[in-house]
1. Applying the selection to the stretch 117-156, what residues are surrounded by fewer than 19 Cβ atoms within 10 Å (Cβ to Cβ), over 13 Å from Ile76 (Cβ atoms) and either touching an Asp or Glu at 6+ places or on another chain (Cβ under 8 Å) or not hydrophobic (A, V, I, L, M, F, W, C) (or both)?
2. Given the residues Leu188, Leu138, Leu174, Leu156, which is the only one that is in a helix (DSSP H, G or I), out of contact with any Lys or Arg (no Cβ under 9 Å at 6 or more places or on another chain) and modelled with pLDDT of 95 or more?
3. Would you call Gly176 without any contact (Cβ under 8 Å) to a residue 40 or more places away in the chain, loosely packed, with under 13 Cβ neighbours inside 10 Å, under 30 Å from Ala34 (Cα atoms) and among the small types (Gly, Ala, Ser)?
Amino acid sequence: MNLLQKTKFNSLQKKARKFYEVRQGQQSGNPDMAAEIKLQYELAEFYKDHRFDKDVPHAEIYEFECYRLAAILGDIKAQYLCGKKLLEKGRFWEGMAQTLYTCQAHNKYAYEAYKEGLTYLETAEQNGYAPAKRLRGLAFMHGWGLPKDYDLGFNLIVASIEEEKAWDKAKEILQGIGLNASEFFAKLAAKKSS
């Protein structure tokens with residue numbers, strides 16, 4: 001990390017500390033959640049850009065924690081990002097439980113990651129964030145931390161596309177989440193005709 005980057009990082013950290021102190025009541029003032037959320041996104045971006053920098057150890061973990069704090073402060077996009085990341089983590093541990101390295105802890109880690117991730121997704125979905133509904137639908141379809149229910153997952157995905165009024169982009173959306181668009185539309189047509 002060069003001197004300019006280090007100065008920027010120190011400035012961001014100092015601002016974050018002030019927000020923390022205001023929230024904890026250690027410093028007077030009213031918490032400005034919007035400004036703190038914006039700062040957390042800036043910090044997350046900084047950590048993302050320095051993932052492989054030896055001067056910023058554990059940058060990927062800090063990046064996630066910035067999003068987690070923004071999610072806790074009520075940012076729906078951060079809630080979605082945390083939910084997505086935690087579902088990925090749950091899938092990793094669930095996969096580890098199926099390998100020759102398996103141990104009981106892997107199932108526990110998967111359960112905890114899924115539980116927290118789904119909580120974030122449900123909160124974002126309740127606040128009207130359609131991509132969260134879509135990802136939760138995908139979780140139902142694949143059984144990621146939820147009982148496998150293809151029809152419920154399918155209906156959530158359809159509802160998320162309708163909420164966004166994004167049928168013109170549906171093919172890209174479906175490809176983005178790993179679903180075969182032609183199979184999806186065939187199932188949708190079959191449901192509508194029955």
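1. Thr119, His142, Gly143, Pro147, Lys148, Asp149, Tyr150, Asp151, Asn155
2. Checking each option against the conditions leaves just Leu138.
3. For Gly176, the condition - without any contact (Cβ under 8 Å) to a residue 40 or more places away in the chain, loosely packed, with under 13 Cβ neighbours inside 10 Å, under 30 Å from Ala34 (Cα atoms) and among the small types (Gly, Ala, Ser) - is met.
The values are calculated or read from the model by the stated rules, or taken from the named source; none is laboratory data. Just so it is clear, the model here is predicted, and its values are computed rather than measured. Every residue, glycine among them, receives a Cβ derived from its backbone with ideal geometry; neighbour counts consider all protein chains shown.
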